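Comments concern the structure below.
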Number of protein chains: 2
Amino acid sequence: MGIREQARQMKLDSPKMMSAPLEQRNDALARIADALRKNANEIFEANAKDMAAAEQNGVAKTIQKRLRYNEGKLNDNIAGLEQLQELPDPIGKILMQRELDEGLVLTRVSCPIGVIGVIFEARPDALVQISSLCIKSGNCAILKGGKETSNSNRVLFRIVHQAAVDAGLPDSCLVQAEQHSEIDELLQCDGDVDLLIPRGSNQFVSYIMNNTKIPVMGHSSGVCHVYVDKDANQDMAVKVAVDSKTQYPAVCNAAETLLVNRDIAGEFLPKVAKAMHDKGVTFKGTDEAREMVGESTECESIADDEFSTEYGDLMMSVKVVADVREAVDHINMYGSHHTDSIITNNDDTADYFMAMVDSAGVYRNCSTRFADGFRYGFGAEVGISTGKLHARGPVGLDGLETYKYRLIGHGDIVDDYATGKKQFHFKDLA
Amino acid sequence: MGIREQARQMKLDSPKMMSAPLEQRNDALARIADALRKNANEIFEANAKDMAAAEQNGVAKTIQKRLRYNEGKLNDNIAGLEQLQELPDPIGKILMQRELDEGLVLTRVSCPIGVIGVIFEARPDALVQISSLCIKSGNCAILKGGKETSNSNRVLFRIVHQAAVDAGLPDSCLVQAEQHSEIDELLQCDGDVDLLIPRGSNQFVSYIMNNTKIPVMGHSSGVCHVYVDKDANQDMAVKVAVDSKTQYPAVCNAAETLLVNRDIAGEFLPKVAKAMHDKGVTFKGTDEAREMVGESTECESIADDEFSTEYGDLMMSVKVVADVREAVDHINMYGSHHTDSIITNNDDTADYFMAMVDSAGVYRNCSTRFADGFRYGFGAEVGISTGKLHARGPVGLDGLETYKYRLIGHGDIVDDYATGKKQFHFKDLA
């Protein structure tokens, strides 16, 4: 069966998966953890093949780290599976309940989305994470992982799928796509696949968005800002800016641009430049910023359109602004609506910033690096959405649910209301 | 300025609209109601031109009814504006609040989506409804109405826009597109327009979805079902089926298909056929159903693939099924995931149906015609979504909001948590 036929079958079976009881879904997660432990050697052997191929193909050492599946990754996966079992059921939450009229009750209740396609980077641990999130959330999933870990993926998928079936979940709850050509086939499955979650480079996510009618939840770039206000505690500002830029520069919630209020820029910029320089950061700034940074620290020249650049590295754009208004306008114009932080002790200024910045995360006096599902206490994260529809920011289990309306009556018909024989009374019950 | 430039400006101004206080947004609604009353004659004159043109072009009388803007429509619009002012503010709702650690508080708060493009049918009252929904929800909007009411739309837009500006809302809060060519321009505004809401035929909605990168909230067809179980009260079943089919056959929540349990079909089908026939409904059924309906009532023959047909008229598909399982499978296969109702007195059967039918509305013992924003008590409706992402079913003000995460700290940095110096304690506050 090709992906198209498998997606069709999955769609027909998805109501079974949606209505699987919590105990069964948690049992599947427990069985996956068990099976991973029992089959650890087979997984490590498959991964060794992937690692040997990576070495042979001259894959960079930093990327090789992500391809590796060792005892540490196994333990992380098992810990994640245990945490996930502890989380409350995301299905069946009553989101609204209203009596429309005597004996006619409307309930909005959370339920799984249905069939989800996830295309993810070459990281064997991601296969386990994603499939367990889909199981806990009651969704069927088609999984396509990076080809650099195809041997590991094949073994891991077999183990995860078997454990799910052993727990009594439908055979079609999880499907693996192995060929790159199957991605294009997956993109054509509108009507059967309800949501696509692509993880990877901006170009890859854009390709997906441009080539499918299926709704896509993906994030574009992460151009995050730290704005240091005139009423900032400057020591705090240095500390937060350095953490935002350097704690893990390659990820999307790292800051790319530092905006500084002109009233304090002359005093603040040399201080932050020194601290950044000590961490290996190079500044790229406007002429005004470069002058204020001083000659002791290097600051390259920047062109206006470069303010939209996601460096993903130890490089940072710097600009001096007149006030919070100019900072907000700059962020809304050049940013990626991901996460932006203001450093200030002035409540009014902070309120303005947090209301006017049009981003998934608006922070005060803390690092942009907090934008993450684990740090938000979601237990797990499917990805970070910079779109505004459905889910925004870090997406946890809730982002994999939709809702349906249940209406229970006793033979109620609309004609009685249209003719004025009866009237709605709308009483909220929950 | 073309639509592209106007959308760009709107995007830059949208944070002002998003943060306009409730009093100001309500004041704008009150001013619109006032201005409509004061300028009624001018509106009626413009509408008379549209009506004369429609008459000249031989537009059908049933459609002419929708083009007309008279005292009755004016009063409906004003009543709607008054209701909308009474509704609670959809902005600033605290959806979640969690202390991540001492003094580090995360809040998920509802906020407007930003810039919305609405393309709607030729109905002058819709222009007023849609623009007032956008104002109440804090969104900027680009409005494109049907060309058959262009004279009415022009006058109404000028009045609505001026009232909004008089209330202090940004000049760019509302923009009108008048040319059909501007629709294609609007579809290119990804990055500036956050959401498109097309209203109209299936073909039109599909065209929009296929030709834009902007997220689209639209409904496809409405193929709704009534399933009459063996444990149904048959008199109730007749009443609900007739209402679902005939109360307003042209709309999407009218039922298209009647499914009947085989155990009672022999008794029930002739009864429901007679009641439907009295209302002018023609049945199209399987051979088995045709035989059971009997010779006294006409029942045409149906082919399997016709079960996906949205008649929008006094025509109904009929099928005999073995049990609730076959009914559910039929609905999930041939339906449009809109609204489906079961008639039964058996709780287990009802629970199975409501859990397994993958539709926005799953009903028990009541008419599918209840699927409507007004009847759900939303006060107003932007449309009905048969998609599962973001909003599902009738979409009220809440569907025009997204959320953002606010994080307030005191100089908190991620490095302290990464190095184990500090630990999250995740305490839910709301």
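A short reminder: the numbers here are calculations on the coordinates, not readings from a lab. Just so it is clear, the structure is predicted and the values come from calculations on it, not from any experiment. Heads up, the Cβs are rebuilt from the backbone with ideal geometry, glycines too, and the neighbour counts pull from every protein chain shown.
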Review point. Any idea which residue in segment A:215-235 is nearest to B:Asn211 (Cα to Cα), counting only those that are within 13 Å of chain B (Cβ to nearest Cβ) and surrounded by fewer than 20 Cβ atoms within 10 Å (Cβ to Cβ)?
Key: A:Ser220
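Residue by residue, here is whether (1) away from chain B (no Cβ under 14 Å); (2) closer than 21 Å to A:Val118 by Cβ; (3) not hydrophobic (A, V, I, L, M, F, W, C) holds:
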position	(1), (2), (3)
A:Pro15	no, yes, yes
A:Gln56	yes, no, yes
A:Lys65	yes, no, yes
A:Leu81	yes, yes, no
A:Leu87	no, yes, no
A:Ile91	no, yes, no
Study note, to complete from the structure: Residues of segment A:133-160 being surrounded by fewer than 24 Cβ atoms within 10 Å (Cβ to Cβ) and either hydroxyl-bearing (Ser, Thr, Tyr) or on the phi > 0 side of the Ramachandran plot (or both), in sequence order, are A:Ser150
Revision key, fill the gap. Looking across segment A:357-372 at residues that are of a type in the set (Gly, Ala, Ser) and over 13 Å from the mean Cα position of the chain (by Cα), the single one that is nearest to the other protein chains (Cβ to nearest Cβ) is A:Ser367
Exercise for review: Return the total of residues in segment B:395-430 being β-branched (Val, Ile, Thr) and within 41 Å of the chain's Cα centre (by Cα).
Suggested key: 3
Point to revise | Among the residues listed as A:Asp348, A:Asp329, the single one being within 8 Å of chain B (Cβ to nearest Cβ), in a helix (DSSP H, G or I) and surrounded by fewer than 24 Cβ atoms within 10 Å (Cβ to Cβ) | key: A:Asp329
Check your understanding: Residue check: is A:Arg375 assigned to a loop (DSSP other than H, G, I, E, B), over 11 Å from the mean Cα position of the chain (by Cα), facing another protein chain (nearest Cβ under 7 Å) and of a type outside the set (A, V, I, L, M)?
Key -> yes
Exercise for review: Tell me, yes or no, whether segment A:98-116 has at least one residue that is in a helix (DSSP H, G or I) and surrounded by fewer than 21 Cβ atoms within 10 Å (Cβ to Cβ).
Suggested key: no
Review point. If you scan segment B:143-161, which residues turn out to be in contact with a Leu (Cβ under 6 Å, 6 or more places away or on another chain) and of a type in the set (Val, Ile, Thr)?
Key: B:Thr149
Exercise for review: Working only within segment A:392-408, note down all residues that are within 7 Å of chain B (Cβ to nearest Cβ), over 20 Å from B:Ile113 (Cα atoms), crowded, with 21+ Cβ neighbours inside 10 Å and not basic (Lys, Arg).
Suggested key: A:Tyr405, A:Leu407
Study note, to complete from the structure: Going through segment A:117-143 in order, the residues found to be of a type in the set (Gly, Ala, Ser) and assigned to a strand (DSSP E or B) are A:Gly117, A:Ala141
**Study point:** Residue within segment B:150-161 that is in a strand (DSSP E or B) and touching a residue at least 60 places away in the same chain (Cβ under 8 Å) present
**Key:** no
Point to revise | Count - residues of segment B:185-209 that are farther than 23 Å from A:His337 by Cβ and assigned to a loop (DSSP other than H, G, I, E, B) | key: 3
